[in-house]
Amino acid sequence: MGVDGFRPAGVVAVAVAAANALALPLALPLAMLAGMTLLWAPPAHATDVDTAIVFAVDVSASIDPSTAALQRDGHAAAISSPEVVATIARSRSGCIAITYVEWSSQGQMRLVVPWTSVCGGADAQAVASGIRNEGDRGGCHTHCATSISFAIDLGVLLLESYPGHAARKIIDISANGTNNDGLPVEESRLRAIANGCTINAIALPEVIRGIPHDLTRYFADNVIGGPNAFVMPLSTPRDYALALRWKMVREISRSISSPSEKMLAHR
C-alpha cells in the first residue's frame, strides 16, 4: 500500500497494494520471480540518483517482536537522521532512491516501501514513517526459514526495475542467521556482483542455545560483495540504529565515515 507523503519512483498504487498482499510459493523458481518486476510500472518522470538502495530485512522465525522493532525503528531512525539527510544533500544529484522489502524463506517477501526518491528531510521523514507504520512486528509462523540467497536475488530484481539511473546500486542485508533455505548464497552473491550491484550487510547478534554468536565473519566471507562492500558488526543490539546511520553515510558518500567504525570487507 502507498504511504502518505511518498513520491514513488516507478510504482503505481495498485501494484504496490498487490505486492504487499503477495504470498509467493515456497519453492518459487527464479525465472518466475523475474515476473515480479512487471508489478512496477515506470513513472512519467524517472529520477536519476547517485545511489539506489534496497533495504532487504530479515523477518524469519528467529526475528521476535523485539528484534523486529530493532530493525524497523533502526532503519527509520537512520534514514531520517540529520547525518544521512546532510550526506544526501551533498551528493551530486541531491537525491537517493530507497525501497524497503522484508523476506524470509525462498519466495516469501513483502514490499513495505516502494522505490521512493529521498531528496531532503521531508522525504526522509515520510519513508521513516512508512517503515515504522508498516514494517514487520515479528512472530513469523509459516515459511519462516532464512534465505539470504533469495533476499539477494530479490534485491537484484528490484534494482533492475528502478526506472531511473543510479550510479551505485546497493543491496543492504539485515539478518540474524545464516542461509538455510533456497539456493546456495554464493550463487546469488556472484549473480548480484555480475549485475553491477554491491551487497553490504549488518549482522544482528544471533543466540544459539543461549550463547551469543557473532555472524560478522560469516557475512564477510559469504554474503557481501561488489565494489567497496562491507559488513557492519554490532557490539550490542543497542548499537543497531547508530551502525545503520554510519552505514548509510558510507554508502552515500564514501569519503565520510565514523571514526570508530570497524567494518569488514569481503576477502
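See the values below:
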quantity	calculated
³J(HN,Hα) computed for each position of region 152-160 - Karplus, 6.51 cos²θ - 1.76 cosθ + 1.60, integer Hz, glycine/proline x	5, 4, 5, x, 4, 5, 5, 5, 5
Carbon/sulfur fraction of accessible area - region 112-175, other protein chains in place, 1.4 Å, %	47
Glu83 versus Asp239: modelled label distance in nm, points set 7 Å from Cα along the beta carbon direction	1.3
Per-residue ³J(HN,Hα) for region 145-151, Karplus 6.51 cos²θ - 1.76 cosθ + 1.60, θ = phi - 60°, Hz, x for Gly and Pro	6, 10, 10, 5, 4, 5, 4
Protection proxy ranking, peptides 182-190, 146-154, 225-233, average beta carbon neighbours within 10 Å, highest first	146-154, 225-233, 182-190
FRET efficiency estimate (nearest 0.05) - Cβ-Cβ, Glu160 to Asp73, R0 30 angstrom	0.50
Built amide H within the under 5 Å cut-off of Leu183, gap 5+	Phe150
Which of Lys247, Lys169 is most accessible, then next, and so on - probe 1.4 Å	Lys169, Lys247
Magnitude of the charge dipole, region 67-153, Cβ model with Lys/Arg +1 and Asp/Glu -1, debye to 20	100
Listed peptides 117-125, 172-180, 99-107 by packing density, highest first (mean Cβ within 10 Å)	99-107, 172-180, 117-125
Neighbour net charge for Gly226 - beta-carbon separation under 9 angstrom, K R +1, D E -1	+2
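The values are calculated or read from the model by the stated rules, or taken from the named source; none is laboratory data. Owing to the predicted nature of the structure, the values given are computational and were not obtained by experimental measurement. Because the Cβ atoms are built from the backbone with ideal geometry, glycine has one as well, and the counts that use them run over all protein chains shown. These accessible areas exclude ligands, DNA and RNA; they are computed on the full protein's heavy atoms, side chains included. Shrake-Rupley method; radii C 1.70, N 1.55, O 1.52, S 1.80 Å.
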